[in-house]
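Taken together, the values in this text are just the output of simple stated rules run on the coordinates, not laboratory data. What you are looking at is a predicted structure, and each value in this text was computed from that prediction instead of being measured.
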Amino acid sequence: MEELLISKEELIQLFESQVIVDTGRGWLMEGKVVDIIALHDIEPKFLQDVTNAKFYKLIIKGNK
């Protein structure tokens, strides 16, 4: 299992270039299942848009 920390802009670029693909059942990166976790610098109770984080953690699990 591998973990990467990336910015929001990098995440958008990975989707636009189809390095990460949304299968409708999850995300794949180079044929491996990926979890995407938003990392916020404010407390969750103050969040208004959970997709608007500055950084994200990708957890690359393995083959689908």
Using the Karplus curve 6.51 cos²θ - 1.76 cosθ + 1.60 with θ = phi - 60°, what ³J(HN,Hα) values do you get for each residue of segment 2-15, in whole Hz, with x for Gly and Pro?
10, 10, 10, 9, 9, 7, 4, 5, 5, 4, 4, 4, 5, 6
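Expressed in nm to one decimal, what extension gain is obtained for the pair S7 and R25 from 0.36 nm per residue of sequence separation less their Cα-Cα distance? Walk me through the numbers on the way to the answer.
On the way: separation 18, 0.36 × 18 = 6.48 nm, distance 2.35 nm.
Stretched fully, the S7-R25 segment lengthens by 4.1 nm.
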For segment 55-60, Karplus-derived ³J(HN,Hα) couplings (6.51, -1.76, 1.60; θ = phi - 60°; whole Hz; x for glycine and proline) come out as 9, 9, 10, 9, 10, 8
